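Working notes, structure below.
The values are calculated or read from the model by the stated rules, or taken from the named source; none is laboratory data. Fair warning: this is a prediction, and the values are worked out from it, not measured in the lab. In this analysis, Cβ positions are derived from the backbone assuming ideal geometry, glycine residues included, and neighbour counts consider all displayed protein chains.
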Amino acid sequence: MKVQEYKLIRNEKSPTYQLIINNELIANRFLEVDLKGTFMQLDVCEMCDSQGCSDMGYIEILEEANTIIWKEPLNTHIDVEYWQYQAASGLRVGTIFWSIEDFKNLCNITNNSWERNVVSHKGISVEDAYDLWRIYGSKCFMPNYHYSYQLDIIEDNILGMYAIDFSEDECTELYKSLKNKWNTYSKVELLRVSNDMRKVTFMFDTPIYREWDFIYYVEGKFFYAIGDDYLVSCS
Ligand SMILES: [Zn+2]
C-alpha cells in the first residue's frame with residue numbers, strides 16, 4: 001500500500017498515537033519512529049508505552065530510491081538473538097510504501113528527527129526483494145491475512161495465467177523461470193510501473209475472484225511486482 005494520506009491521533013493518558021494510513025488503522029499504540037535497528041516496534045506495550053518491552057507489533061524498515069518500505073519481518077529474519085519478533089497487525093494490509101518526505105514528517109511529528117535516525121537504514125537485498133514479491137502474491141491471494149507467504153501455497157490455488165503477449169503455457173514457463181532465477185541475482189533496483197510496461201497475471205481459484213499481477217515487462221526485461229505500482233529489477 002502506498003501512503004496517500006496519514007494521520008496521528010493521540011491516545012488518552014498515553015504518549016502513543018493511533019496511526020491511520022489511507023483510512024486504515026495501522027497501529028493502535030504508535031510511539032515514534034525508531035530506526036536504530038533493522039526492526040521497529042509499530043505497536044508498543046500497553047502497560048509501559050515503551051519500545052522493545054514486548055515482542056509483538058514489529059515491522060522491518062528498508063530504504064531504497066527515496067522510498068521507505070515497511071515490511072513484514074519473515075521467518076528468515078525474525079529470530080535475532082533469540083528474540084522472536086511478531087509482525088505488527090497493521091501489516092495485514094501488505095507492505096507499506098512511504099515517500100521520503102512523508103516519512104520525514106512522520107519522524108518530526110513524533111519528536112524523533114529523521115537526522116537522529118539516519119544511521120542504519122537498510123537497502124533492499126535480493127532476499128528482501130524475494131520476500132516482498134511473495135508477500136505481495138500472498139496478500140493478493142488472501143487480503144488482510146497474515147499468511148505463510150510460501151509460493152507453493154499460492155501455486156496450489158491457481159486457476160490460470162494470462163498476458164497480452166503470451167499464451168497461458170508461456171506465462172507458466174515464465175513464472176517458473178523467473179521464480180528459479182532468484183538464487184542467481186546479486187543486485188536489486190526499486191522502480192515504478194510505467195505506461196509502456198505490460199504485465200503477466202496470476203488468477204486465483206478463490207470464491208471471490210482474485211488476481212496477482214506478478215510480473216511487469218518492457219523491451220524484453222522483466223520486473224517483479226512487490227506492491228501497488230512498485231517493482232524490483234534484479235540482476
Ligand atoms: Zn511494557
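Before moving on, here are some points about what is shown:
- Residue match in the range 91-99 (condition: among the hydroxyl-bearing types (Ser, Thr, Tyr), modelled with pLDDT under 85 and touching a helix residue (DSSP H, G or I) at 6+ places or on another chain (Cβ under 7 Å)): no
- If you go through the range 126-161 and keep only what is under 24 Å from residue 235 (Cα atoms) and part of a loop (DSSP other than H, G, I, E, B), you end up with 149, 150.
- Unmet criterion (only one of (1) modelled with pLDDT under 90; (2) in contact with a strand residue (DSSP E or B) (Cβ under 8 Å, 6 or more places away or on another chain)) for residue 84: (2)
- Members of the range 206-235 found to be touching a residue at least 12 places away in the same chain (Cβ under 8 Å), under 19 Å from residue 93 (Cα atoms) and among the hydrophobic types (A, V, I, L, M, F, W, C), listed by number: 212, 214, 225, 226, 231
- Restricting the range 16-48 to residues that are away from the ligand (no atom under 16 Å from the Cβ) and of a type in the set (S, T, N, Q), the residue that is farthest from the chain's Cα centre (by Cα) is 18.
- Selection within the range 1-43: residues that are within 16 Å of residue 107 (Cβ to Cβ) and touching a Lys or Arg at 6+ places or on another chain (Cβ under 6 Å). The member of this set that is surrounded by the most Cβ atoms within 10 Å (Cβ to Cβ) is 16.
- Residue match in the range 43-57 (condition: under 28 Å from residue 126 (Cα atoms) and outside any loop (DSSP other than H, G, I, E, B)): no
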